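The values are calculated or read from the model by the stated rules, or taken from the named source; none is laboratory data. These numbers come from a predicted model, not from an experiment. Cβ: placed from backbone, ideal geometry, glycine included. Neighbour counts: every protein chain shown. To get the accessible areas, we keep the full protein, side chains included, count just its heavy atoms, and leave off ligands, DNA and RNA. Shrake-Rupley method; radii C 1.70, N 1.55, O 1.52, S 1.80 Å.
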Amino acid sequence: MDTLRYWLIVPTTTFAGVLGFALGGPWIWLGIATFPVLFILDLVLPRDLAVRRISMPWLVDGALYAHCLFIVAVWVLFVMSVVNGSNPLNGPDAAWSIGGSIATLAWLSAVPNLPVAHELMHRRHWFPRRVAQLVSTFYGDPNRDIAHVKGHHLDLDTPADSDTAYRGELIYTFIFRASYGAYSEAIKGEAQRLRRLGLSPWNWRNRTYQEVVLLALVPVLCGYFAGVAAAGVAVASMLIAKALVEAFNYFQHYGLQRMPGAPIAIQHAWNHMGAIARPIGVEITNHINHHFDGHTPFYALKPEPEAPQMPSLFVCFLSGILFPPLWFSLIAKPRLAEWDRKFASEAERKLAAAANRRAGWV
């Protein structure tokens, strides 16, 4: 069951989008329909604090690569559904088709695509890292691994980390700040890498060129085979997927404090231990253990029940996006007050007090 749970949740969710576009018509909404199903299951099932016992790592890794094949198939079948007329983007049913296509493409390109890409970008071998770059294109950030591995994992919970949301910061402003930080850090990181090799930052080996090509390739191919409307759907889906990815990041370290250069400790990440959130997130929600060693494969991460915990990631996600006042009053402020009292070091309490003043919380 420890292996099967990933197959039941990760590629199955993406395959719903494959099936929906293959059937066409109202079935194109099947991919986004997985969201409320997963949401309800994560709410009703008890928290999952079990350690995974995986005897065949290659088999559980297979779920990740199956997803990668399916996410490509989702986009290919979207184009085919437009071409064969089962998903018309023009005419009386266009609004319905466009809405369903964007909703399904954006949701599946963000979740479970981000957690799968995140896991693969941390692998030591070039092949999974390259696969991560390719599937990250669908959420508009093929070079995310540069800023994430070489930036976020060093600077988390400090002002230098664009992936750490400030106390009082709205999810909407964070999406733009984190996106700018990810892109700019990736460009700077590539320039520094090339200089260390004795090459110009403008050298053809700069991965920024690859990023531009990959980002353009998706809407261009959609437009070439299925028309201008399909290209527009592709751009909208990638933009929304990018926003969803940053929204996911918003909840991982929200408001936490760490002295720059201080060791990473158990209090420096929020953990979401839902029975669905763990497999659909490929254990990224088992977050602090991942930050202890980013190269530890997802199935070997150990839950930390004594670490700071958040309620259901789905609840955080919906409240932060749709009802920010409820997110702040019922979840963020109470959890951070507990963190300040129970988890923070003396130096971190001073940082937290200053952060509360800047947020206008005191």
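Tabulated data for the structure shown
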item	result
Counted residues, the stretch 105-145 - those being in contact (Cβ under 8 Å) with a residue 40 or more places away in the chain, among the hydrophobic types (A, V, I, L, M, F, W, C) and open to solvent by less than 10 Å² (accessible area, probe 1.4 Å)	7
Options 241, 269, 277, 262; residue that is touching a residue at least 12 places away in the same chain (Cβ under 8 Å), of a type outside the set (Phe, Trp, Tyr) and open to solvent by 10 Å² or more (accessible area, probe 1.4 Å)	262
Qualifying residue in the stretch 296-311 (condition: in a helix (DSSP H, G or I), open to solvent by less than 10 Å² (accessible area, probe 1.4 Å) and touching a residue at least 12 places away in the same chain (Cβ under 8 Å))	yes
All positions within the stretch 35-82 that are within 15 Å of residue 16 (Cα to Cα) and open to solvent by 50 Å² or more (accessible area, probe 1.4 Å)	36, 37, 69, 70, 72, 76
Failed criterion for residue 252 (all others in (1) part of a loop (DSSP other than H, G, I, E, B); (2) within 16 Å of residue 35 (Cβ to Cβ) hold)	(2)
Residue tally, condition in a helix (DSSP H, G or I) and either under 16 Å from residue 52 (Cβ atoms) or among the hydroxyl-bearing types (Ser, Thr, Tyr) (or both), over the stretch 269-291	7
Any hit, the stretch 165-175, residues being in contact (Cβ under 8 Å) with a residue 12 or more places away in the chain, of a type in the set (Lys, Arg) and over 24 Å from residue 122 (Cβ atoms)	yes
Only listed residue being modelled with pLDDT of 95 or more and more than 17 Å from residue 112 (Cα to Cα), chosen from 266, 240, 280, 276	266
Pairs with Cβ under 7 Å, 6+ apart, first in the stretch 192-212 and of a type in the set (D, E, K, R), second in a loop (DSSP other than H, G, I, E, B)	195/201; 205/199; 207/143; 211/142; 211/143
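Rundown of residues vs (1) of a type in the set (Phe, Trp, Tyr); (2) over 17 Å from residue 74 (Cβ atoms), yes/no style:
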{"position": "223", "(1), (2)": "no, yes"}
{"position": "226", "(1), (2)": "no, no"}
{"position": "231", "(1), (2)": "no, no"}
{"position": "238", "(1), (2)": "no, no"}
{"position": "245", "(1), (2)": "no, no"}
{"position": "251", "(1), (2)": "yes, yes"}
{"position": "256", "(1), (2)": "no, yes"}
{"position": "260", "(1), (2)": "no, yes"}
{"position": "275", "(1), (2)": "no, yes"}
